[in-house]
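Here's the structure we're looking at; comments come further down.
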Amino acid sequence: MTQEFELAASLAKGIEGRRGAWSFIQGFAAHWAGALEGSDGWAEADLVAAEERLGVRLPVALREAYLLFGGRRDLTSNHDVLLSPAELYIDDTKEALIFRHENQGAASWGVLLDSLQDEDPAVFMRPDLADKSAERWEKWLERLSLCFVEIVLSESLHADEEPCDFLDPDDNSIELLEENAVRLPFPAYPIGEEEHASRWFLGQDVLLRDDDGAAVLARGRTAQDLDRVRDLIPGDWLNDYR
């Protein structure tokens, strides 16, 4: 990694609380996407209008994230979608404030209404199932600020015109991943599914996410960095045309 931004060390501080999370996102954006600018967030007036429309006060962490980088779609909405303040809504069961959608509508992320008063509340996910009676809000991550760190990391794996790839792993792929990359200090999630969870790794200038051995996603700082990890973890990489 560069001397200016040590991803693993910054992430370790970023998972401790809101201030560290926003600092991590600022550093990550500067070195992997493009530095944050004052115009990258939504205006205070947009958040106030959302609160007046919804009849609720937005959690402090949600307000801070939207004000800092909520308008940067390259950080928040390459694959799944962070809703704008005008799109925020309360779900039909009146249980949660929804702020994010899965890209094909298969799931939503939100904060339970009874925790909106918390500065940095837990985030829950609800799958969109054929049997609506079976849908339940399931705990995703312990804190909203932690969820925004995960959003920025995950959306970087789908960045347009960047060296990203997807591996359908075989029996040896995860072992090779663990041998050739360092486990990052981000908690396994969803909460309660630690044995079947997503984990983050860092190779040599390559960010990787293992989704319980079902998929490995990778993003290199350069195409050469991504090629290096493809060689270390050989397999059927979706975008490897060499």
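The values are calculated or read from the model by the stated rules, or taken from the named source; none is laboratory data. Not measured: the values here are computed from a predicted model. Note: ideal-geometry Cβ built from the backbone for every residue, glycine included; neighbour counts use all protein chains shown.
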Legend entry - Residue in segment 118-129 that is surrounded by fewer than 16 Cβ atoms within 10 Å (Cβ to Cβ), over 27 Å from residue 238 (Cβ atoms) and modelled with pLDDT of 95 or more present: yes
Legend entry - Checklist (1) touching a Gly at 6+ places or on another chain (Cβ under 8 Å); (2) of a type outside the set (D, E, K, R); (3) not in a helix (DSSP H, G or I) applied to residue 68, failing item: (3)
Inset, instruction - State whether the residues of segment 215-228 include one that is out of contact with any strand residue (DSSP E or B) (no Cβ under 7 Å at 6 or more places or on another chain), in contact (Cβ under 8 Å) with a residue 12 or more places away in the chain, of a type in the set (Asp, Glu) and not assigned by TED's automatic domain parsing to the domain that holds residue 138. - result: yes
Inset, instruction - Return the only residue of 23, 108 being of a type in the set (S, T, N, Q) and crowded, with 17+ Cβ neighbours inside 10 Å. - result: 108
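I'd like the full set of residues that are in a strand (DSSP E or B) and either basic (Lys, Arg) or over 22 Å from residue 71 (Cβ atoms) (or both), limited to segment 81-109. Quick ask: steps written out before the conclusion?
Filtering segment 81-109 for residues in a strand (DSSP E or B) gives 81-82, 89-90, 96-101, 107-109.
Within segment 81-109, 90, 96, 100, 107 qualify.
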Legend entry - Qualifying positions in segment 2-53 - in a loop (DSSP other than H, G, I, E, B), in contact (Cβ under 8 Å) with a residue 24 or more places away in the chain and under 21 Å from residue 209 (Cα atoms): 2, 5, 15, 33
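Only one residue in 136, 143 is in the same structural domain as residue 95 (by TED's automatic domain parsing) and surrounded by fewer than 19 Cβ atoms within 10 Å (Cβ to Cβ), so which one is that? Outline the logic, then answer.
Numbers: 143 fails: surrounded by fewer than 19 Cβ atoms within 10 Å (Cβ to Cβ).
Testing whether each residue is in the same structural domain as residue 95 (by TED's automatic domain parsing) and surrounded by fewer than 19 Cβ atoms within 10 Å (Cβ to Cβ) leaves just 136.
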